[in-house]
Amino acid sequence: MTGIAIDATRLKTIRKARKIGRPKLAKLAGVSERQLAKLEGANGPLLSEAVLRRLSEALQIPLPTLTGEFPLIEEDLEPVAAQPKSCSCCG
């Protein structure tokens with residue numbers, strides 16, 4: 001599988017700054033918590049474009065920010081805006 005390299009430290013930094021727990025981000029990105037933990041601890045892990053896109057959408061940042069193509073800006077390190085609930089059962 002060919003993949004796209006991400007900056008693992010940047011992924012973890014953004015997740016924590018945005019106050020998103022690993023379980024929530026894993027669920028939003030469609031990966032297991034274990035996979036996410038490995039991604040955050042790896043050195044330049046390779047991801048499919050689909051997983052990378054889901055991570056960037058969940059973190060509400062541009063995809064190139066995760067790959068290091070875009071610099072981190074102050075907005076990337078602010079907590080994410082609350083996302084609307086998709087059903088009445090969740091509040």
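Brief remarks follow.
- For segment 51-78, the set of residues classified as under 13 Å from residue 4 (Cα atoms) and in contact (Cβ under 8 Å) with a residue 12 or more places away in the chain consists of 51, 52, 55, 65, 66, 67, 68, listed by residue number.
- Of all residues in segment 52-63, those satisfying the criterion of being among the aliphatic types (A, V, I, L, M) and buried (at least 19 other Cβ atoms within 10 Å of the Cβ) are 52, 55, 58, 59, 61.
Any read-out appearing in this document is the output of simple, stated calculations on the displayed coordinates, not a laboratory observation. If you're wondering where the values come from, they're calculated on a predicted model, not measured in any experiment. Note: ideal-geometry Cβ built from the backbone for every residue, glycine included; neighbour counts use all protein chains shown.
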